[in-house]
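Data first, discussion second: the structure below is written as structure tokens.
The values are calculated or read from the model by the stated rules, or taken from the named source; none is laboratory data. Bear in mind the structure is a predicted one, so any value in this text is a computation, not a measurement. Here Cβ is always computed from backbone atoms with ideal geometry, including for glycine, and neighbour counts include all displayed protein chains. The accessibility values were calculated without ligands, DNA or RNA, using every heavy atom of the protein model including side chains. Shrake-Rupley method; radii C 1.70, N 1.55, O 1.52, S 1.80 Å.
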Amino acid sequence: MGRLDRYRQAPPSISGRRRHDVVLGIADASVSALWAVSGAFRKMKPPPEPNRVIALTVVDREVVAHDHDVIALTLAAADGRALPRWHPGSHLDITLPSGRLRQYSLCGDPADTDTYRIAVRRIVDGGGGSIEVHDGLPVGAELTTHGPRNAFPLTVPGYGSPAQRFRFIAGGIGITPILPMLARAEHLGVDWSMLYAGRSTDSLPFIDEVSRFGDRVEIRTDDVMGVPTAADLLSDCIDGTTVYACGPAPMLTAIRSGLAGRDNVELHFERFAAPPVVDGRAFTASVASTGQEVFVGADETLLTALRRSNVAAPYSCQQGFCGTCRTRVVAGAVDHRDTLLTEPERAGGMMLVCISRAANGERLTLDL
Ligand code: FES
């Protein structure tokens, strides 16, 4: 697949739909014609079927942070077919060999339909997914996905977005969805700058790839300059800037509060960890199958408390959008904090334990 194909499609809108633009349409038609003419010279592959389960094989592993805690995996379709296309900001829902479901941002080249690239930081005290990726996925290992999804799309000037320039902000492994955005912004000639922050230079993934953009990127590490303030993060945000940020919760909180009242600066962000609990009240959850009682603190999630108490509860995103932690409530009223469950599901007693809580600090009994 040649470079020409990368920009055959206009970037999608925030909802992922294609936009209609006359100039773009003419350009797209021209490129399409070229594409059709060149068809005989390309390796023809059948188009992927929507929603099929795609078996992926690990074809390469690379350490991409000097502290060796981040590895990049290159994945190819096990059957050799072309992979579904994606745009910057997309992620894969990946089912690991253990059955764990995890989300990883795509951080390779969107023009490459032969392989995907993801990167994973080792989290020693996490849920085991990153350890499995680091220690249990050698070259040749297989996993599955349903294909890319985009909850963090890049919308660009000239394609319906009012943005005049971009400010990218990445914290550590938060670079993964941002990396393809840099290349896209550069290719489209959009003015942009970036702050890339982390604990130390050694902990920053892809620092060589990011450094090739030169002065556009400021690399700032806590061990030398301290934790960046909102003013540091937003130092290059004149009116008309659109901010794309991905990083730890305190960084995103600082950015959001720093932009309060700035109606002419648009903010798009993606978390890679559970959001902080807001206005939580402590409560107790009972496990119906064992009678075990689990205390849930005011500032922790029910899922966190269950895991701390060694109660097996499936989970993935920890942010209320994947549905993996859906659990039936046998008794008690729920303070639903997600937008995923339908009213019939809620009426049927289901809740998302990663984000929802007991209403009014009541006791909940869970069908676990
Ligand atoms: S873990 Fe994804 S919705 Fe709860």
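Please go through (1) among the aliphatic types (A, V, I, L, M); (2) surrounded by 17 or more Cβ atoms within 10 Å (Cβ to Cβ); (3) within 18 Å of Gly280 (Cα to Cα); (4) away from the ligand (no atom under 14 Å from the Cβ) for Ala359 and return the number of the only condition it doesn't satisfy.
Condition not satisfied by Ala359: (2).
For Glu345, are the conditions met, namely being among the acidic types (Asp, Glu), within 14 Å of the ligand (Cβ to nearest atom) and modelled with pLDDT of 90 or more?
When the stated conditions are applied, Glu345 passes them.
Residues to consider are Ala151, Ala82; find the one that is at pLDDT below 95, surrounded by fewer than 19 Cβ atoms within 10 Å (Cβ to Cβ) and of a type in the set (Gly, Ala, Ser).
Step by step, each of Ala151, Ala82 is checked, and only Ala151 is at pLDDT below 95, surrounded by fewer than 19 Cβ atoms within 10 Å (Cβ to Cβ) and of a type in the set (Gly, Ala, Ser).
Can you tell me which residue in the range 270-279 is farthest from the chain's Cα centre (by Cα), limited to those that are open to solvent by 70 Å² or more (accessible area, probe 1.4 Å) and not aliphatic (A, V, I, L, M)?
In this case the residue turns out to be Asp279.
Check whether at least one residue in the range 280-302 is closer than 29 Å to Thr95 by Cα, within 16 Å of the ligand (Cβ to nearest atom) and open to solvent by 40 Å² or more (accessible area, probe 1.4 Å), and report yes or no.
There is no residue in the range 280-302 that is closer than 29 Å to Thr95 by Cα, within 16 Å of the ligand (Cβ to nearest atom) and open to solvent by 40 Å² or more (accessible area, probe 1.4 Å).
Anything in the range 181-204 that is among the hydrophobic types (A, V, I, L, M, F, W, C) and more than 11 Å from Ala170 (Cα to Cα)? List them, or say none.
The answer is Met181, Leu182, Ala183, Ala185, Leu188, Val190, Trp192.
Looking at the range 217-304, what helices (runs of 4 or more DSSP H) fall wholly within it and have at least 3 residues that are modelled with pLDDT of 90 or more and not charged (D, E, K, R)?
230-233, 249-258
Return the residues of the range 306-342 that are assigned to a helix (DSSP H, G or I) and either open to solvent by 40 Å² or more (accessible area, probe 1.4 Å) or away from the ligand (no atom under 14 Å from the Cβ) (or both); say none if nothing qualifies.
Once the filter is applied, which keeps residues that are assigned to a helix (DSSP H, G or I) and either open to solvent by 40 Å² or more (accessible area, probe 1.4 Å) or away from the ligand (no atom under 14 Å from the Cβ) (or both), the range 306-342 yields Arg307, Arg308.
Being crowded, with 17+ Cβ neighbours inside 10 Å and not in a strand (DSSP E or B) is the filter here; which residues of the range 343-356 pass it?
Once the filter is applied, which keeps residues that are crowded, with 17+ Cβ neighbours inside 10 Å and not in a strand (DSSP E or B), the range 343-356 yields Val353, Cys354, Ile355, Ser356.
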